1. Within region 50-76, which residues are open to solvent by 70 Å² or more (accessible area, probe 1.4 Å) and either under 23 Å from MET1 (Cβ atoms) or modelled with pLDDT of 95 or more (or both)?
2. Somewhere in region 63-74, is a residue in contact (Cβ under 8 Å) with a residue 24 or more places away in the chain and either outside any loop (DSSP other than H, G, I, E, B) or under 16 Å from the mean Cα position of the chain (by Cα) (or both)?
3. In region 53-111, how many are over 22 Å from GLN41 (Cβ atoms) and among the hydroxyl-bearing types (Ser, Thr, Tyr)?
4. Let me spell it out: the conditions are (1) open to solvent by less than 90 Å² (accessible area, probe 1.4 Å); (2) among the charged types (D, E, K, R); (3) outside any helix (DSSP H, G or I), and GLU29 meets all of them except one. Which number is the exception?
5. Run PHE36 past the list (1) under 12 Å from the mean Cα position of the chain (by Cα); (2) aromatic (Phe, Trp, Tyr); (3) loosely packed, with under 15 Cβ neighbours inside 10 Å and report the number of the one that doesn't hold.
6. Would you pick out the residues in region 77-90 that are open to solvent by 60 Å² or more (accessible area, probe 1.4 Å) and either assigned to a helix (DSSP H, G or I) or touching a Cys at 6+ places or on another chain (Cβ under 9 Å) (or both)?
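The values are calculated or read from the model by the stated rules, or taken from the named source; none is laboratory data. Here the structure is a predicted model, which means the values were calculated and not measured. With ideal geometry, Cβ positions are generated from the backbone for all residues, glycine too; neighbour counts draw on all protein chains shown. In case anyone asks, the SASA skips ligands and DNA or RNA and just uses the protein heavy atoms, side chains included. Shrake-Rupley method; radii C 1.70, N 1.55, O 1.52, S 1.80 Å.
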Amino acid sequence: MGQINFRISDDEKMILQLIAQMRGLTMTELVKHNVFDTISQERVDLAFKLLEEGKIGRKKAWKISGLNGHEFLKEWTRRNAEEKISDELAEKTLNIALNLNSKDFLKKSNN
């Protein structure tokens with residue numbers, strides 16, 4: 001868990017406290033919710049930009065986007081997104097798959 005600290009004037013603090021109190025929130029909750037509401041579209045754009053550049057995979061993009069699973073898949077389809085997998089990783093994955101012993105995955109009988 002991380003923490004962000006910043007300074008505000010006494011007047012700004014008073015305003016935030018009043019709004020938070022009116023909404024039944026702590027001042028911290030109010031600020032956090034508003035920050036994430038403000039950057040919600042930027043989160044989605046950033047997630048898909050990093051995905052397109054091959055800097056992150058699908059799971060990390062989903063987390064960064066802040067979307068639920070269904071929303072993320074809809075956005076994935078809308079943007080025609082593709083996960084970039086390096087040739088090295090693709091080759092390694094293929095070799096692992098080709099060398100798997102399928103007998104290891106068969107249910108063992110108790111006879």
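1. LYS59, LYS60, TRP62, LYS63, ASN68, HIS70, GLU71, LYS74
2. yes
3. 4
4. It is condition (3) that GLU29 fails.
5. The failed condition is (1).
6. Hits for region 77-90 are THR77, ARG78, ASP87, GLU88, LEU89.
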